[in-house]
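Let me begin by presenting the structure, written as structure tokens, before commenting on it.
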């Protein structure tokens, strides 16, 4: 389409909302786009665009969009929608196809014609922004019909997958984090690698791949020393193969003769099966194996060869939770192709093999181990095996075939014992056995290694058999079901009064002998110590509070701007306090102009209240009072108006109210006696600071929640109530059929703001 060849889409700004925000519970990037003259070219006015889009990404059929059904988005494209909306969906789908999770997206008008805001789930800012840029390239290619869209999509997905492998959590770590988050356990990535914190403050646990903060350094060191491991296992009655360390090739042959042929030669502190040679009979083989093994470790171990297949059993806590079996790898000669060619044709062509982490099997390469195996068969990589000749390529490794359901109880017991002897709470135990469904002693089987930090991919994506929920098992080990894995988190927001209320709540918490972290505009405080005296009411300092392992309760002040441009630092909270909303507040630089938009920002504090928590709301502010419907937990109103209709109705429904007078503050409930607290004289209202009594009342309302770690001398233990969890409003649909007709109302559920299982963006 010639008139589109000079059209482009400019990225004006990028904002990373790293926690719950006005759009969703999850991190997103908010990108401002200027589509320029493409404003005049909705998708229905671009000849062939729809067909090229479907050809390039047929999986877009699953996007439901505003129609709420499969194919909804494509229907919108066919009717006519704008580039920003299409980019949103393209970004989501390209990420999904690259194995990058995320299903939330929105596109909304910006502050002028041709400018839009696009919001997309972003577990990593760089990855998602790159995906959006690729989506822009793809859109322009589809609109201008200048490139092969199918080939372009294939290239994009491959590059995104490589970027994701570099920047995202590895599959082993990710499966634990995902399992924890399914239970509501929050996570914080602590490094660019796989170090992750699960939980907040004093309740946190840390993992590094499959190691935890309770993995013993001594146990890990023992596991790396295979000779020492064998010695300890033998002393505990665990069957192990006879063997010893050797210092030279000659010593290796001497040891082999003493032990009895065949033998295994391997590095004493190697890993991942590198430098391991099995079933060796001759002096030449043993000496050659020694030369390779010594390059992989500091010393070499020679031990008795055990007949059978290699198995890897995963121990978590004190039980075996998964088991995988290894298989030998062979090629079959055809009289035409070389060994190297046959490896590519018959082995590496298997789609289960690859270099990416999602592949359960690695490609086979002609390395020293394969060369030695071929030499034993009087072959090289350039040899051409005869027709139907079987050639052994690998005799160990390839442990990716699930056999969890076959493990004999006695085998599981001995494997768990091996992990305990070494001292590992999570271990990968290697054993060689002919039949894992029989006890080890009846088949002369043995445990050969106990490994710390075991890989989990073989159990998550086995080459055959069913995947095992190993992430769930580890998460349950770290946080046993039924245990409390959250510290009390109190969030405070409002147009005024936030800081004194946050300070008072922190003070009340300290009175209960809790070590309290306070992040507010006056600074950052741990316990009674001032850590930072400048403004700490922001995402970074709030996150510092949640990272501190000494913190037993956290009080975090949130202002509108921080929630708008950063999001909340926590996923959920026990207490969410909203003091007031300034309907005249606006942020024109972020296209926030009216009270409905301000409402969407502030409501975030209520959206994240836990079902077991409480929202503390100002009944005297109509906008704040209307947020009661958004709370998943209990609602406590505070008011200065004894005749407040909102408060009276709440009491009638069994709720709690804090009534603030000049002389006393009264805690009221329809089902319990009233409790009164005198107001200190220095808190009486004045012309300059009329909010002092209200500050105190709001803090007392927050503190009256026993779940937050606070109990008062009143001894009040009030029942909680659950209000309606959803509030529906009408908002403009930005992308309706009919050119510029962008004002058709559509009902949008604002709560709960969960990421849908498939993209359902609008």
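Sort 281, 200, 590 so the one with the fewest other Cβ atoms within 10 Å of its own Cβ comes first.
Working: 281 13, 200 28, 590 19.
Placing the least packed residue first, the sequence is 281, 590, 200.
In terms of its Cα atoms, the stretch 329-394 spans 35, 23, 15 Å along the principal axes, sorted from long to short. Take the Cα of residue 674, step 7 Å toward its Cβ, do the same at residue 192, and the gap between the two points is 6.2 nm.
Relative to the longest principal axis of the Cα atoms of the chain, helix 226-235 runs at roughly 90 degrees.
Extension gain for residue 283-residue 109 works out to 55.0 nm (0.36 nm per residue, less the C-alpha to C-alpha distance).
Which residues in the stretch 192-206 place their backbone N less than 16 Å from a point set 7 Å from the Cα of residue 612 along the Cα-to-Cβ direction? Under cut-off, by backbone N: 199-204. For the stretch 1-156, averaging the sequence separation of C-alpha pairs within contact (under 8 Å, six or more residues apart) and dividing by the residue count gives a relative contact order of 27 percent. Here the chain is treated as a Stokes sphere of Kirkwood radius computed over C-alpha pairs; at 10 °C and 1.306 mPa s its diffusion coefficient rounds to 53 µm²/s. Rounded, prolate or oblate: pick one for the stretch 140-197, where a ≥ b ≥ c are the square roots of the eigenvalues of its C-alpha gyration tensor, a/c under 1.5 means rounded, and failing that, prolate if a/b is larger than b/c, else oblate. Verdict is prolate for the stretch 140-197. Cα centroid distance between the stretch 113-145 and the stretch 347-423, in Å? Their Cα centres are 42 Å away from one another.
Based on the Cβ-Cβ distance of residue 234 and residue 291, what FRET efficiency does E = 1/(1 + (r/R0)^6) give at R0 = 35 Å, to the nearest 0.05?
Values: r = 28 Å, r/R0 = 0.81.
That pair, residue 234 with residue 291, gives E of 0.80.
The Cα center of the stretch 1-63 and the Cα center of the stretch 598-618 differ in position by 32 Å. For the stretch 1-142, the Kirkwood radius over C-alpha pairs fed into Stokes-Einstein at 4 °C and 1.567 mPa s yields D = 85 µm² per second.
For the chain, relative contact order (Cα pairs under 8 Å, six or more residues apart, normalised by length) works out to 13 percent.
Here, the stretch 498-543 is characterised by an Rg to Rh ratio of 0.94, where Rg is the alpha-carbon radius of gyration and Rh the Kirkwood radius.
With each label modelled as a point 7 angstrom along the Cα→C-beta vector, the residue 386-residue 10 pair spans 7.4 nm.
Per-residue ellipticity at 222 nm, computed for the chain from helices alone with -39500 (n - 2.57) per DSSP H run of at least four residues, works out to -9000 deg cm²/dmol. Just the Cα atoms of the stretch 325-450, one point each, no solvent: what log10 I(q)/I(0) does Debye give at q = 0.15, 0.17, 0.22 Å⁻¹? Rounded to two decimals, the profile gives -0.83, -0.95, -1.18.
Exposure proxy for 278, 207: other Cβ atoms within 10 Å of each Cβ, ordered fewest to most, give 278, 207. At full extension, residue 652 and residue 529 could sit 39.9 nm farther apart than now, given 0.36 nm per residue minus the alpha carbon distance.
Which whole-number percentage describes the relative contact order of the stretch 489-708, with Cα contacts under 8 Å and a sequence gap of 6 or more? All intermediate terms of the calculation are to be shown ahead of the outcome.
On the way: 480 pairs, mean separation 39.2, N = 220.
Over the stretch 489-708, the number comes to 18 percent.
Using the Kirkwood formula over every pair of different C-alpha atoms, what hydrodynamic radius in Å results for the stretch 80-147? Could you put the intermediate results ahead of the total?
Working: mean 1/r = 0.0811 Å⁻¹.
Mean inverse Cα-Cα distance, inverted, gives 12.3 Å.
Between residue 549 and residue 521, the distance separating the two model label sites (each 7 Å from Cα on the Cα→Cβ line) works out to 3.5 nm.
When 646, 635 are sorted by how many other C-beta atoms sit within 10 angstrom of their C-beta, beginning with the fewest, the order is 646, 635.
Read the figures in this text as sums done on the coordinates, not as results from a lab. Computed from a predicted model, the values in this text were never measured in an experiment. Neighbour counts are summed over all protein chains in view; Cβ atoms, including those assigned to glycine, are modelled from backbone coordinates with ideal geometry.
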